[in-house]
Amino acid sequence: MPVFHYETHLPYAREDVFGWFSRPGALVRLTPSFFGSILAEPSDGLNPGSTAAMGVSAPGGLGMWLGSAAGTIRGLLPKSIAGSKWTRPEVRWDALHTELVPGTSFTDVMDKGPLAAWTHKHSFRDGDAGSTIMVDEVNYELPAAARGEWAGGKMDAELQRMFAFRERQLRGDLAFHATHQGEAKVIAVSGASGLVGRALCALLTGGGHTVLRLVRRAPRNAEEIFWDPDAGILDTAGLARASVVVHLAGHPIGGRFTDATKEAIYQSRIRGTRLLAQSLADLAADGVERTLVSGSAVGYYGAHPNAAAASTSLQSMRQESRELVESDPVGDDFLATVCRDWEAACAPAAEAGVRVVNVRTGIVLSAAGGVLQRLLPLYLAGVGGPLGNEQWQSWIGVDDIAGIFAHAALDAKTSGAVNGVAPHPVTAAEFAATLGRVLGRPAAVKVPALGPKLLLGEQGAAELALASQRASAAKIQELGYDFRTPELETALRHILGHPPL
């Protein structure tokens with residue numbers, strides 16, 4: 001039976017490293033989107049008998065193409081259909097924890113799944129100067145049908161790719177928690193099942209914090225809080241248990257800008273934010289210091305805040321188009337109006353003494369959703385290219401936007417509006433060239449402007465696909481947030497599991 005080894009040296013105490021693995025969220029944080037998705041987290045932590053379930057994609061570029069294409073299609077389908085199993089090209093993997101030596105090792109096996117056999121032992125021992133040496137040992141057996149193609153190192157190369165991702169992810173999370181030490185908090189999160197919400201909740205629970213999820217159905221356990229923003233209903237007693245509320249919920253932005261869609265985008269954000277802000281204001285009399293971290297977007301500044309430079313050459317635009325800072329004025333288009341009123345809806349909480357943070361998010365990059373997921377099928381097929389040329393794109397990796405929301409939740413000095421973007425925005429042409437280089441694919445097929453207009457309508461194309469916003473990350477950096485992947489190529493290589501340069 002083949003054996004795969006991966007050794008990781010971590011500058012953190014063994015107690016802290018092992019503790020991170022024992023908390024909820026570890027499996028979510030360690031599972032790359034190019035590998036698959038988590039269907040069920042461990043039922044009883046690392047204890048023997050604990051079970052977990054994953055959906056596993058096909059390996060390599062094929063799996064990434066299938067996963068991203070399916071994700072794009074799901075985004076266009078009604079919710080009732082998008083959740084169907086046939087929309088996810090994954091094979092179920094049931095894991096079972098079999099052995100645990102607290103602080104030293106734990107083992108899980110594949111109880112049911114695509115391989116003939118799989119046993120994974122995680123071992124931890126002390127290194128020099130309070131560090132930890134972690135060893136992953138995997139004994140596996142390929143199914144008979146795959147032994148010819150995947151024998152001779154191909155499987156090990158795929159495992160190397162996955163465990164390198166896990167090492168980078170683990171280092172980043174441990175570094176974040178080391179700089180955000182303090183009393184564990186109870187944090188309520190709306191939109192917890194979304195792209196950013198899943199990453200944020202797992203990051204927070206990995207740091208020892210308790211997450212309460214706001215749900216619109218009957219709660220299934222004590223860590224869920226019922227709310228119905230449309231009806232103005234919220235379990236205030238449940239919310240009172242939290243000292244921090246992170247608000248991410250809202251109707252997806254990305255479809256055709258019909259009147260009905262625009263109304264849903266607007267009302268879903270204003271109603272939910274107003275309900276949470278007023279509820280926190282009503283709770284202020286209990287004397288508990290609370291925080292509201294609410295989503296917003298760089299659309300606050302308008303689709304073309306530097307319109308004067310938009311018609312100039314790329315070199316001239318670089319010189320004239322300054323970075324947008326949080327004190328800049330609001331734009332005058334639809335999405336700017338949404339962001340303005342979204343942030344203003346937090347006023348009741350702020351007036352009651354609640355610390356309020358509005359995170360103006362840029363383009364979130366993940367293979368599991370959003371813009372990058374929609375681009376991947378085209379690039380992997382060799383027909384990718386820039387959407388526009390000189391438009392500025394203020395991007396951010398999914399782990400960094402989750403980190404910024406977590407930082408805002410935990411850092412008492414952070415307040416007001418902050419741009420949730422990476423420090424180095426790029427033009428549309430630079431983005432396309434970088435993605436093509438990371439994937440080893442051409443990026444020369446320029447997308448005609450008619451394409452976004454057909455999908456999003458005239459207004460949606462102008463405010464989303466063809467927008468140009470060069471936002472600054474200086475404020476959040478000054479407030480102490482340390483970016484994991486400040487450069488686009490580094491971020492894409494991590495997200496897509498390609499070796500760093």
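Dipole magnitude for the range 151-242: about 200 debye, using +1 per Lys or Arg Cβ and -1 per Asp or Glu Cβ, origin at the Cα centre. Taking every DSSP helix (H) stretch of at least 4 residues in the chain, weighting each as -39,500 (n - 2.57) and dividing the sum by the residue count yields a mean residue ellipticity at 222 nm of -11500 deg cm²/dmol. Farthest towards the positive end of the charge dipole of the range 179-496, among the residues T273, A249, L387, is the Cα of L387, using unit charges on the Cβ of Lys, Arg, Asp and Glu.
Here the gap between N389 and E183, fully extended at 0.36 nm per residue and compared with their Cα-Cα distance, gives a gain of 69.4 nm. One Cα centroid belongs to the range 89-110, the other to the range 177-217; the line between them spans 24 Å. About its Cα centre, the dipole of the chain is roughly 1060 debye, where the only charges are +1 on Lys and Arg Cβ and -1 on Asp and Glu Cβ. Taking Cβ atoms as reference points and 10 Å as the exclusive limit, the residues near T98 contribute a net charge of -2, counting Lys and Arg as +1 and Asp and Glu as -1. Note on A474/A117: beta-carbon distance plugged into 1/(1 + (r/R0)^6) with R0 of 56 Å gives a FRET efficiency of 0.60. Electrostatic tally near A352: other residues with Cβ closer than 12 Å to its Cβ, Lys and Arg +1, Asp and Glu -1, net -2. In terms of surrounding Cβ atoms within a 10 Å radius of their Cβ, S296, S22 rank from fewest to most as S22, S296. Annotation for the range 410-501: trypsin sites (Lys or Arg not before Pro) lying in DSSP loop with at most 12 further Cβ atoms inside 10 Å of their Cβ are K413.
Taking other Cβ atoms within 10 Å as a rough exposure proxy, T490, T210 sort from fewest to most as T210, T490.
Please tell me the relative contact order of the range 194-279 in percent, rounded to the nearest whole number, where contacts are Cα pairs under 8 Å and at least six residues apart. 23 percent.
Using the Cβ of G331 as centre and a radius below 11 Å, the other residues enclosed give a net charge of -3, where K and R count +1 and D and E count -1. Residue exposure proxy: E99, E223, ordered by other Cβ atoms within 10 angstrom of their Cβ from fewest to most, comes out as E99, E223. Amide H contacts of A417: N358, each under 5 Å away and 5 or more positions distant or on a separate chain (H built 1.01 Å from N in the peptide plane; Pro and chain starts excluded). Among the lysines of the chain, pairs that are 8 or more positions apart or on different chains and have alpha carbons within less than 29 Å of each other number 13. Using a simple spin-label model with pseudo-atoms 7 Å out from Cα toward Cβ, D16 and L39 lie 3.6 nm apart.
Values quoted throughout were computed directly from the atomic coordinates according to the rules given, and no laboratory measurement underlies them. These numbers come from a predicted model, not from an experiment. Don't worry about glycine lacking a Cβ; one is built from the backbone with ideal geometry, like all the others, and counts go over all protein chains shown.
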